[in-house]
1. Could you say whether any residue in region 42-53 is more than 15 Å from Ser21 (Cα to Cα), at pLDDT 95 or above and more than 12 Å from the chain's Cα centre (by Cα)?
2. Consider Glu129 against the criteria (1) within 30 Å of Met1 (Cβ to Cβ); (2) of a type outside the set (A, V, I, L, M, F, W, C); (3) surrounded by fewer than 17 Cβ atoms within 10 Å (Cβ to Cβ): it satisfies all of them except one. Which criterion is unmet?
3. Conditions first: (1) closer than 23 Å to Asn5 by Cα; (2) exposed (fewer than 14 other Cβ atoms within 10 Å of the Cβ); (3) touching a helix residue (DSSP H, G or I) at 6+ places or on another chain (Cβ under 8 Å). Ser115 passes all but one, so which condition is the exception?
4. List pairs: first in region 32-58 and among the hydroxyl-bearing types (Ser, Thr, Tyr), second at pLDDT 95 or above and part of a helix (DSSP H, G or I), Cβ under 8 Å, 6+ apart or cross-chain?
5. What tally of residues in region 80-112 results from selecting those that are out of contact with any helix residue (DSSP H, G or I) (no Cβ under 7 Å at 6 or more places or on another chain) and under 28 Å from Lys34 (Cβ atoms)?
6. If we scan region 111-128, do we find a residue that is farther than 24 Å from Thr64 by Cβ, assigned to a helix (DSSP H, G or I) and not acidic (Asp, Glu)?
7. Just checking, how many residues over region 89-131 are within 11 Å of the chain's Cα centre (by Cα) and among the polar types (S, T, N, Q)?
8. As an exercise: evaluate Asp113 against (1) acidic (Asp, Glu); (2) within 14 Å of His46 (Cα to Cα); (3) touching a Leu at 6+ places or on another chain (Cβ under 8 Å) and give the number of the one condition it does not meet.
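The values are calculated or read from the model by the stated rules, or taken from the named source; none is laboratory data. Nothing here was measured: the structure is a model prediction, and the numbers come from that model. Virtual Cβ from ideal backbone geometry, glycine too; neighbours counted across all protein chains shown.
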Amino acid sequence: MLSANVVKLLNQQMNQEMVSSNLYLQMSAWCDSKGYEGAADFLKAHADEEMGHARKLFDYLHETGAAIEVGAIAAPKTEYAGLREVFQEVFEHELEVTAKINALVSATWDEKDYSTFNFLQWYVAEQHEEEHLFRTILEKIDIIGTNGNGLYHVDRDLGQMKG
């Protein structure tokens with residue numbers, strides 16, 4: 001049985017994953033509207049992945065008999081100055097998600113909830129991958145540049161990555 005605190009934190013994280021999904025889906029729409037089809041496809045796939053992360057938490061809460069609370073999600077912003085800004089915001093968002101995952105993991109350790117601690121190790125590894133992925137995308141944009149030719153190549157590469 002999970003403590004009330006761990007249930008609250010797991011529900012918050014589940015909802016955070018839904019926020020991430022909505023954010024990436026909205027960013028995808030912006031990319032589509034600006035002709036960045038590869039980035040749009042990449043972000044759509046990433047939105048789906050984030051919803052999968054939420055579902056995994058939903059299922060864990062259900063399996064433990066905990067109360068599930070799906071919360072309201074604020075609409076993300078709809079305009080960006082450019083593709084680099086989109087991915088800078090994704091990277092910063094993922095850093096925030098990592099901090100929340102780490103706080104959740106710490107809480108389970110402090111409460112000696114080793115089952116949930118073990119369950120969350122997948123999220124710890126996933127966040128490491130996410131930070132690396134988006135840091136690499138930003139580094140590529142910085143190397144190639146934000147002129148038309150450079151962004152064309154970044155967009156093409158993102159379309160081949162698919163999340």
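1. There is no residue in region 42-53 that is more than 15 Å from Ser21 (Cα to Cα), at pLDDT 95 or above and more than 12 Å from the chain's Cα centre (by Cα).
2. (1)
3. (3)
4. Pairs that qualify, where the first residue is among the hydroxyl-bearing types (Ser, Thr, Tyr) and the partner is at pLDDT 95 or above and part of a helix (DSSP H, G or I), are Tyr36/Leu83.
5. 6
6. Yes, because at least one residue in region 111-128 is farther than 24 Å from Thr64 by Cβ, assigned to a helix (DSSP H, G or I) and not acidic (Asp, Glu).
7. 2
8. Of everything listed in (1) acidic (Asp, Glu); (2) within 14 Å of His46 (Cα to Cα); (3) touching a Leu at 6+ places or on another chain (Cβ under 8 Å), Asp113 misses just condition (2).
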